[in-house]
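Heads up: the structure comes next, in structure tokens.
A short reminder: the numbers here are calculations on the coordinates, not readings from a lab. Keep in mind that what you see is a predicted model, and the values were worked out from it rather than measured. Virtual Cβ from ideal backbone geometry, glycine too; neighbours counted across all protein chains shown.
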Amino acid sequence: MQNFEIFLLNNLPISKSIHPTYEKALQAMLEAGGKRFRPALLLGVVKSYNTLMLDAAMHAAYAIELLHTYSLIHDDLPAMDDSDLRRGNPTLHVRFDEVTAILVGDALNTFSFEVLSKAPFSDYIRVKLIQELAVNGGLNGMVLGQAIDCHFENKPLSIEDVKILHTNKTAKLIAASLKMGAIIIGKEDLGEKLYDFGIKLGLLFQIQDDILDVTQSSQEAGKTTNNDEAKNSFVTLLGLEKARDEANALADNLLQELNSFDDNLKNELSPLLIQYINRHK
């Protein structure tokens with residue numbers, strides 16, 4: 001992922017104006033790092049089948065990271081999770097102010113689609129990628145999940161409804177990252193299979209995140225933890241041990257599916273995925 005990090009730093013959003021901190025705020029949360037998990041999934045799929053497409057695929061991976069980063073900035077706002085730490089740094093509304101954080105989130109959201117619109121693909125591929133990111137990141141995807149999450153604070157949901165919540169809030173963007181990789185290499189049938197796999201992976205990712213929220217300090221996690229008491233998290237509803245059992249069962253299922261992929265894809269994705277799949281085994 002070193003090449004992606006270089007690409008990101010060389011293509012940070014630029015806005016020269018009379019505003020004293022806007023450009024710095026646009027870049028701050030991107031420069032702060034992160035796991036870059038979603039870009040790595042997309043690039044892993046592309047690398048499995050066509051290394052010649054990797055340079056072009058960087059643009060799509062960057063677009064996903066931009067959209068994901070906007071979602072974190074807004075998720076941390078006082079109106080939502082009211083968090084003061086993200087990626088080991090003060091959140092934007094703490095470092096700058098709430099208005100700046102809202103506007104930077106808005107800007108990164110729209111910039112992600114600008115990046116995709118200029119990516120070096122055919123018109124058909126560009127439109128498919130824009131559609132995939134919009135559908136999974138927008139009104140019936142990540143935003144819907146966040147709306148449900150915020151509305152039902154202090155109102156316990158059933159475990160099935162919580163899975164719907166987190167399928168939208170977390171899993172769909174992870175699934176889209178895999179599918180977008182398949183779109184770039186012209187394997188749309190594989191993309192559907194990877195999307196279904198990604199939904200399960202996203203749910204596991206969220207269960208593990210909920211577990212980390214109660215087992216790690218903010219310093220260890222690089223973000224505010226022990227902040228989910230009012231939320232419909234898997235740990236809040238199931239308890240820590242049952243949440244771990246749920247994660248382990250899902251991890252076993254995902255490992256079986258991963259082993260069913262063709263060798264190129266399995267060999268490329270396994271080093272990335274197994275560290276996440278086995279985090280709580």
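At-a-glance table
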| quantity | calculated |
| --- | --- |
| ³J(HN,Hα), Karplus 6.51/-1.76/1.60, whole Hz, each residue of the stretch 206-211, x for Gly, Pro | 6, 4, 5, 5, 5, 5 |
| Sorted by Cβ density within 10 Å, fewest first, the residues 104, 94, 162 | 94, 162, 104 |
| Derived scalar couplings ³J(HN,Hα) [the stretch 93-107; Karplus, 6.51 cos²θ - 1.76 cosθ + 1.60; whole Hz; x for Gly, Pro] | 5, 7, 5, 10, 6, 5, 4, 4, 4, 4, 5, 5, x, 4, 5 |
| ³J(HN,Hα) computed for each position of the stretch 56-64 - Karplus, 6.51 cos²θ - 1.76 cosθ + 1.60, integer Hz, glycine/proline x | 5, 5, 4, 5, 5, 4, 5, 4, 5 |
| Under 16 Å from residue 35, Cα to Cα: aspartates and glutamates that are on another chain or at least 8 residues apart | 5, 65, 209, 220 |
| Fully extended contour minus Cα-Cα distance, from residue 240 to residue 6, at 0.36 nm per residue | 80.4 nm |
| Per-residue Cβ neighbour rank within 10 angstrom, fewest leading, 245, 189 | 189, 245 |
| Nearby aspartates and glutamates by direct alpha-carbon distance to residue 266 (threshold 20 angstrom, same-chain neighbours under 8 apart not counted) | 188, 189, 192, 196, 252, 257 |
| Given (i) 0.97; (ii) 1.10; (iii) 2.88, the label whose value is Cα Rg over 2.2 N^0.38 Å derived from this model | (i) |
| Efficiency of FRET from Cβ geometry, residue 152 and residue 106, R₀ 22 Å, rounded to 0.05 | 0.35 |
| Which of 83, 117 has the fewest Cβ neighbours within 10 Å, and the rest in rising order | 117, 83 |
| Entries of 16/163; 155/187; 24/169; 118/223; 16/187; 16/169 with Cα pairs more than 31 Å apart | 16/163; 155/187; 118/223; 16/187; 16/169 |
| Links that overshoot a 19 Å alpha carbon limit, given the list 128/200; 128/193; 128/179 | 128/200 |
